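Inspection log for the structure reproduced underneath, given as structure tokens.
The values are calculated or read from the model by the stated rules, or taken from the named source; none is laboratory data. Keep in mind it's a predicted model, so treat the numbers as computed, not measured. For neighbour counting, all protein chains shown are included, and Cβ atoms are generated from backbone atoms with ideal geometry for every residue, glycine included. Quick note on the areas: whole protein, heavy atoms, side chains included, nothing else; ligands and nucleic acids left out. Shrake-Rupley method; radii C 1.70, N 1.55, O 1.52, S 1.80 Å.
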Amino acid sequence: MFAPDDIRNVAIIGHKGSGKTQLAEALLYVAKATAKLGKVDDKSSTLDESVEEKEHACSLETSVASLSWGGKKINIVDTPGEGSFLADTRLALGAVDAALLVVSGKDGVQPITERVFAWTREVGIPAIIVVTKVDAENTKPDDVVSEVKSRLKAPVCLMEARIGEGPAYEGVITLRTQKAFLGKPEAPNAVAHAAVPANAKAAVDNGRAKLVDDVAGTDDALTEKYLTEGDLTQSELDEGIRNAVRANALYPTYFVSSVKPSGIVALLDAIVEIVPPPYAHAPFKGTVPSAKQGVQPADAERTATVDAPTAVYVFKTTWDQHAGHTSWARVLSGSLKPDTAMHNVQTGNAERLGKIVYGVGKDLKQLDHAVAGDIVALPKLKATRTMHTLTDDKHPFAYSFPALPPPLFSRGVKFEAKGGEEKVASALYRLAEEDPGLHVGQEESTRELVVSGLGSLHLEITVERIRRRVGIDCRLGPPHIAYKETITKKVTGVEGKHKKQSGGHGQFGVCYIDMEPMPRGGGFVYEDAIVGGAIPRQFIPSVEKGIVKSMARGFLAGFPMIDVKVRIYDGKYHDVDSSDAAFQMAGSKAFKAAAAQCHPVILEPIVKLQVTVPQTATGDVIGDINSRRGRILGTDSVDDLTIVNAYVPLSEVLEYESKLKSMTQGKGTFGMAVSHLEICPPMVQDKVVKDSGFKAVEEDE
Ligand SMILES: Nc1nc2c(ncn2[C@@H]2O[C@H](COP(=O)(O)OP(=O)(O)OP(=O)(O)O)[C@@H](O)[C@H]2O)c(=O)[nH]1
Ligand SMILES: [Mg+2]
């Protein structure tokens, strides 16, 4: 068992390829948790272990590994940096006490660096900045530090004097503890360090004075002390850094080479000494479901202490052919024992825990007790999925995890041969339960299976996984864009009449409506302005039901119609022949007749695109965005890079990655997120309508 004070939890976050996984491998190796330095490049990484990760040479999901250093258990959560897989990264941030924000010494701040850094602020956890690749050719770690200051607007404080860079990189000297790690690569458990060499003394003294100055500036009492005495004691400095880090007032910055490896011991020491222990985490916010039906859940909090009732947050589910499912979870509060009955708040059912394990890769150790703050693996849970909370049944609590970015890309799934659809569909739904960034649905009209995710790579990998898991040949069809429909003009006095006489009971219902557009995001509004019983009360909602159904089916091209207000003000009924069904039909007919006169239009999703490119490519990139019906919002330049911000229709940037690569010889990076909907230009609308092959259903038959 590890007490909360003996645990440190960090997530490694940053842009794709910045060196997160390699850093985790170096931490594990130097702490002797692995026998060999795992390398991403020769596919010997213990963290990027799936077939797909090795094939694509990038992390596709969160991996957790534990090591022990300075008497503490350090849980490392390595997250993906590829835009397609950021749902995992986001959920991991809800399970840790700090982030290591990795910035490549070669590439500096990139779009995902900014995005995930902003998430740490949102979630409210501190970050340590780690500049990687200081040994690489063309590295420029000092420029990268300035860029972190200017682009992330982060109050950075240097914790080390770095000796050399690129091929001349020798190592680091810590400023707080004055230990030199120079020369040879760091060996496992290499606590040995040297004294500060004479030729580095001046640089280290200056660096330390700057650090003391930075820390003193974060606290009134320290400022006072510093101004009167000109220095801080070691313990004032240490305590000052810890407090400033927790308050996001300082971002300590370290340099590493994860391939040599070098600078790793100093970083491990920093995790032990600077990262807050789990009990310092702000209370976890969530809700307590009500026992009464129809009553909203009440807001609640759990503090990260062992005395509180138990709550466990599953932030990742992994699957392996042999081991089956494993749930990776943080004990938010209370404690956990193997082989006990728990309550799953989201499913409302019991869930029996088996073993509790931790470790590295397949080398797992069992725990007989896990306490608040620990991150552990729970193998083979029956119905518990990612984002679920487990508690004891007397104290239910559902953790409100960080909100996920909405899916951006959708594509249909096609089959080579008939017969595999059902198997593939159930495997896909299962995968979506493990991978919260993945959405699976069925297109209403065509019954086609549609997968949606954050990026095209996400969907391609999903299909690869399915092929491996169920052995059925399927592939992705053309992209689906989440178009919507709306109206642009008001009409009044539209009749919807349903009358049928076919032996026995007839069907009769008439309604009169006005219809007008709502502002974007205004939704559907139904106003009941019937006076004097022109339609009996119970049939007024029937008309609404009919309208809502028709809106979902769309009018122009089969996309859901949104942002419409309907006012019902009159109607006619018949004592015997009127019914709920007849008035639904009347509502539907009124809606269609009104929609035809209201200038219906197609709305298309617009993304906010941010592209970072070498200055020489700026003209090409802007020209290209313009040719994609984009609207440039502005450009910024940082050193020799240009950052272009623009709004572009999603349908125009489906293959943007490869285009940008070819325009910038692979040097450009980009990030995008859906921003809002806009009315399609007429030519585009005509094409969307034509491509949809939509035919309105005749309701009478
Ligand atoms: N020279 C040098 N290369 C490094 C260092 N760290 C990482 N690399 C290389 O950078 C590349 C990317 O490293 P990864 O660790 O896979 O990067 P990542 O951030 O995990 O990338 P994603 O998982 O795709 O987000 C690999 O080729 C590594 O060998 C370093 O400190 N020095
Ligand atoms: Mg990685």
Inset, instruction - Could you tell me which of P681, A270, F2 has its Cα farthest along the dipole of the chain towards the positive end, charges placed at Cβ (Lys, Arg +1; Asp, Glu -1), taken about the Cα centre? - result: P681
Inset, instruction - Find how many whole Å separate the alpha carbon centroid of region 505-526 from the alpha carbon centroid of region 641-701. - result: 31 Å
Legend entry - Per-residue HN-Hα couplings for region 36-53 [Karplus 6.51, -1.76, 1.60; θ = phi - 60°; Hz; x = Gly/Pro]: 10, 6, x, 10, 4, 5, 9, 6, 9, 5, 7, 8, 8, 9, 6, 4, 5, 5
Legend entry - Dipole magnitude of the chain about its Cα centre (Cβ charges: Lys, Arg +1; Asp, Glu -1), debye to nearest 20: 1180 debye
Inset, instruction - First obtain the Kirkwood hydrodynamic radius of region 22-78 from its Cα pairs, then insert it into the Stokes-Einstein equation at 25 °C and 0.890 mPa s, and state the resulting D in µm² per second as a whole number. - result: 212 µm²/s
Inset, instruction - At 0.36 nm per residue, minus the direct Cα-Cα distance, what do D320 and K210 gain on full extension? Give it in nm, one decimal, please. - result: 34.6 nm
Inset, instruction - Over the residues of the chain, compute the C-alpha Rg and express it relative to 2.2 N^0.38 Å. - result: 1.12
Legend entry - Count of lysine pairs in region 563-648 with Cα separation under 24 Å (8 or more residues apart, or interchain): 4
Inset, instruction - Find the all-direction average of the projected area of the Cα convex hull for region 103-207, expressing the result in square nanometres with one decimal place. - result: 7.7 nm²
Inset, instruction - Using θ = phi - 60° and the Karplus relation 6.51 cos²θ - 1.76 cosθ + 1.60, list the HN-Hα couplings for region 277-282 in order, rounded to whole Hz, with x at every Gly or Pro. - result: x, x, 5, 7, 4, 4
Inset, instruction - Using a 1.4 Å probe over the heavy atoms of the protein chains, calculate the carbon and sulfur portion of the accessible area of region 77-218 as a whole percent. - result: 52 percent
Inset, instruction - Compute the Rg/Rh shape ratio of region 631-672: radius of gyration over Kirkwood radius, all on alpha-carbon atoms. - result: 0.97
Legend entry - Packing-based order for 328-339, 607-618, using average beta carbon neighbours within 10 Å, highest first: 328-339, 607-618
Legend entry - Magnitude of the charge dipole, region 600-677, Cβ model with Lys/Arg +1 and Asp/Glu -1, debye to 20: 160 debye
Inset, instruction - Please give the length that would be gained between K690 and A187 if that part of the chain were fully extended, namely 0.36 nm times their separation in residues minus their C-alpha to C-alpha distance (nm, one decimal). - result: 174.5 nm
Inset, instruction - Identify, among L641, V440, G217, the residue whose Cα sits farthest towards the positive end of the charge dipole of the chain, taking +1 on the Cβ of Lys and Arg and -1 on the Cβ of Asp and Glu, with the dipole about the Cα centre. - result: V440
Inset, instruction - Provide, as a two-decimal number, the C-alpha radius of gyration of region 361-516 over 2.2 N^0.38 Å, N being how many residues it has. - result: 1.62
Inset, instruction - For region 212-327, calculate the relative contact order in percent as a whole number, restricting contacts to Cα pairs under 8 Å that are 6 or more residues apart. - result: 14 percent
Legend entry - Charge dipole (debye, nearest 20) of region 1-154; +1 at Cβ of Lys and Arg, -1 at Cβ of Asp and Glu: 400 debye
Legend entry - Entries in K32/K149; K500/K549; K497/K549; K32/K382 that, when Cα-Cα distance is taken, lie over 26 Å: K32/K149; K32/K382
Inset, instruction - With unit charges on the beta carbon (Lys/Arg positive, Asp/Glu negative), name the residue among M663, S258, A534 whose Cα is farthest towards the positive pole of the charge dipole of the chain. - result: A534
Inset, instruction - Can you tell me the equivalent ellipsoid semi-axes for region 428-505? Use √(5λ) from the Cα gyration tensor, largest first, whole Å. - result: 41, 20, 11
Legend entry - Computed label-point distance, nm, for sites A298 and D393 using a 7 Å Cα→Cβ extension: 2.2 nm
Legend entry - Tilt relative to the chain, helix 456-470 - C-alpha long axis, 0 to 90 degrees, to 10: 90 degrees
Inset, instruction - Would you mind pulling out the separation of the Cα centroids of region 23-78 and region 323-340, in Å? - result: 21 Å
Legend entry - For region 271-401, diffusion coefficient by Stokes-Einstein and Kirkwood Rh (Cα), 20 °C, 1.002 mPa s, µm²/s: 142 µm²/s
Legend entry - Estimated FRET transfer efficiency when R0 is 25 angstrom, pair E464-K661 (beta carbons, to 0.05): 0.75
Legend entry - region 180-297 shape via C-alpha gyration tensor axes, a/c threshold 1.5: oblate
Legend entry - Whole-number accessible area per residue in Å² for region 500-542, which is evaluated in the context of all protein chains at 1.4 Å: 52 Å²
Inset, instruction - Tell me which residues come under 5 Å, amide H to amide H, from V607 once H is placed; ignore anything under 5 positions away on its chain. - result: V648, L650, S675
Inset, instruction - Go through C58, C157 and list them by solvent-accessible area, largest first, probe radius 1.4 Å. - result: C58, C157
Legend entry - Translational diffusion of region 556-701, µm² s⁻¹ [Kirkwood Rh, Cα pairs; Stokes-Einstein; 37 °C; 0.692 mPa s]: 174 µm²/s
Inset, instruction - Give the relative contact order (percent, whole number) for the chain; include only Cα pairs under 8 Å separated by 6+ residues. - result: 10 percent
Inset, instruction - Note down, for region 536-612, the three equivalent ellipsoid semi-axes (square root of 5 times each alpha carbon gyration tensor eigenvalue), biggest first, whole angstrom. - result: 34, 11, 10
Legend entry - Relative contact order %, region 535-635, counting alpha carbon pairs below 8 Å whose residues are six or more apart: 32 percent
Inset, instruction - May I have the pair-distance distribution P(r) for region 628-697, computed from all Cα-Cα distances with 10 Å bins from 0 and rounded to whole percent? - result: 15, 40, 28, 12, 4, 1
Inset, instruction - May I ask for the angle, rounded to the nearest 10°, between helix 20-30 and the longest principal axis of the chain, with both axes built from Cα atoms and the value confined to 0 to 90°? - result: 40 degrees
Inset, instruction - Please list 347-359, 266-278 highest first by mean number of surrounding beta-carbon atoms within 10 Å per residue. - result: 266-278, 347-359
Inset, instruction - With a 10 Å radius around each residue's Cβ, average the other Cβ atoms per peptide and rank 242-249, 686-693, highest first. - result: 242-249, 686-693
Legend entry - Of every Cα-Cα pair in region 250-347, the percent that sits beyond 19 Å: 64 percent
Legend entry - Rough spin-label spacing in nm, given labels placed 7 Å along Cα→Cβ, for K149 and N349: 5.7 nm
Legend entry - Kirkwood Rh, Cα atoms: Rg over Rh of region 59-136: 0.96
